[in-house]
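Notes for the one structure printed next.
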Amino acid sequence: MARAFLIVMDSVGCGGAPDADTFFNGTTPDTGANTLGHIARECAAGRADEGREGPLRLPNLDALGLGAAIRLASGAPTPGLEATPRGIWGAATEISRGKDTPSGHWELAGVPVPWEWHYFPDTEPCFPPEIVEATCRFAGTEGILGNRHASGTQIIEELGAEHMRSGWPICYTSADSVYQIAAHEESFGLARLLDLCEKMAPILHGMKVGRVIARPFIGTPGQGFTRTANRHDYAIAPPAPTLCDVAHEARRRVHAIGKIGDIFSMRGIDDVVKGPDAELMQALIHLARTAEEGSLTFANFVEFDTKYGHRRDVAGYARALEWFDAAIPAIVEHLRAGDLILFTADHGNDPTWSGTDHTRERVPVVGCVIGAPGREIGLRGFVDVGASVAAHLGLPPLAKGESFL
C-alpha cells in the first residue's frame, strides 16, 4: 500500500494571487509580491551573496517543476530555475480570507476557513481590557508588557530585562490573527507560560483569533535573549474533518513533523516531532525509511518564514532554500515504488516586500509518484492538494477538492 508525504515549505509562495490587491503590508497592497520569483531575481543580480553567491540553485525542486510552477503562477522570470520539469507540477490558489498559517494548512487539508479572522489593531495598546485582565488573572500578575504589534525577536530584546524584573508576561501580536505571549523559561517558568496560554486560548478562540502562541526564551540582559524550540501554538480546531481526520478514521497512521500538530489541534494525528528545521529534516528522512504502508506524513518547515521572510532577509531565505533542496535526495532515496511526495506552501512572505507581514500569493505544488511519469497539473485550488493525497491513499473523498493524480 502506497504512502504519502505532504511537505509544506512555510511561506514559500510563487506570486500571482488574483486577490493580492485586497491584502496589505501596512498601506501597501500585496499586488506583485512573489517570494520565490523575487529571491531568484535578487540572487541572479548578485544582491543576495551573503553566505552564498550567484543564481538561486535548487536543482532538485527545479527538476520536479519549481521554476515552471513559478512562471505558471505569476509569469515572472525564474533565472537559475529553468529545468524541464520531470515531476508533477503546478500552482495552487487559496480562497480563505487570510494569509496565515492555519488558513493555508487547513485549506491544503481540504477545509477552507468559513469565517473572517479577528485581528488586533495596530495601536498601542492594541488588546481590549478584558483580554489584559484575563491574562493578568491567569498569570497572577498586576499587568502585562508589550500590548502592541511587534517582532517577536525585537520585543524580547526590548522588554526581556523588564520582564525578568517585574515578572509580567510580554504580550504582542502581528498582522496575523494571533495573541503571542513571551516569557523567560527560567524566571517565569515554561510550565507556567504554557498553562497561561492554554487558559487564554478558549477566550481568544471565541473571538475568532486563530492562535495563542507561547514564545519561551532564555538569556540575560547582559548576554541578550534567544527564543527556544519550546514554542507551542494553541490553534482553533478546524471546523470540519480534514485530511488528517479522514486518514485517522481509516486507521492510517498520521505522522506530524514541525508545528502540524499545533495547527490541527492534534486532531487526527498519531505522533509529532518538533524542533529546529535541521532536526525536522532528519525526522523526515527517518520516516521516509520507516513509515508504515498506507501512512500519511505531514511536515512543516517553518524557518523560511520565521527567520528570513518576516525579517526581509533575502540572502538568508536563499540559503535556507538551497539547504532544503540539497536534502531532498536523502529523502527520495528511501521512498518506495508508488509513494507520493508533494512539496507546497501555505502562503507567501516575500523578503523583498515592504513591511514584515506575510504576502498573499499562489503557492507551488511540485512532487512525484515514485516510478510514475510526471505531468503538468495547471492552476489548482489549495483543496485539490488534500483531495489528491486522499485519493492516492485510497481514502474516502474529502468534502472539497478534486484530485489531480
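Rule-based calculations on the coordinates, nothing more; no lab input. The structure presented is a predicted model; accordingly, all values stated were derived computationally and were not measured. Neighbour counts are summed over all protein chains in view; Cβ atoms, including those assigned to glycine, are modelled from backbone coordinates with ideal geometry.
The table below gives the values:
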| item | result |
| --- | --- |
| Inter-part distance where region 197-255 and region 19-79 are each reduced to a Cα centre, Å | 29 |
| Three-way shape label, region 243-332, alpha-carbon gyration tensor, a/c 1.5 | oblate |
| Share, in percent, of DSSP beta bridges within the chain that are antiparallel, nearest 5 | 40 |
| Assigned charges on the beta-carbon of Lys, Arg, Asp, Glu; region 78-224 dipole about Cα centre (debye) | 260 |
| Choice from Pro85, Pro169, Pro128 with maximal GNM fluctuation in the chain (Cα, 10 Å cutoff) | Pro128 |
| Hydrodynamic radius by Kirkwood, which averages 1/r over all alpha carbon pairs of region 1-102, in angstrom | 15.0 |
| Dimensionless Rg over Rh [region 322-405; C-alpha; Kirkwood] | 1.02 |
| Ranked Cys197, Cys136, Cys171, criterion: other C-beta atoms within 10 Å, fewest first | Cys136, Cys197, Cys171 |
| In degrees, nearest ten, helix 190-206 long axis to first principal axis of the chain (Cα) | 80 |
| Principal-axis tilt of helix 129-139 within the chain, Cα atoms, nearest 10 degrees | 90 |
| Radius ratio Rg over Rh of region 149-285, counting only Cα atoms, Kirkwood formula for Rh | 1.02 |
| Amide proton proximity set for Ala183, modelled H, under 5 Å, gap of 5+ | Arg215, Phe217 |
| For region 64-143, size of Cβ-based charge dipole, Lys and Arg +1, Asp and Glu -1, in debye | 580 |
| C-alpha long axis of helix 277-290 to longest principal axis of the chain, angle in ° | 40 |
| Kirkwood-based Rg to Rh ratio, region 25-167, C-alpha trace | 1.11 |
| Percent of C-alpha pairs per 5 Å bin, region 86-136, short to long | 4, 15, 18, 13, 13, 14, 10, 4, 3, 3, 1, 0 |
| Highest-MSF residue in the chain out of Gly15, Gly26, Gly355 [GNM, Cα springs under 10 Å] | Gly26 |
| Debye, to nearest 20: dipole size of the chain, +1 on Lys, Arg Cβ, -1 on Asp, Glu Cβ | 560 |
| Of His392, Phe127, His255, farthest towards positive along the dipole that unit charges on Lys, Arg, Asp, Glu beta carbons give the chain | His392 |
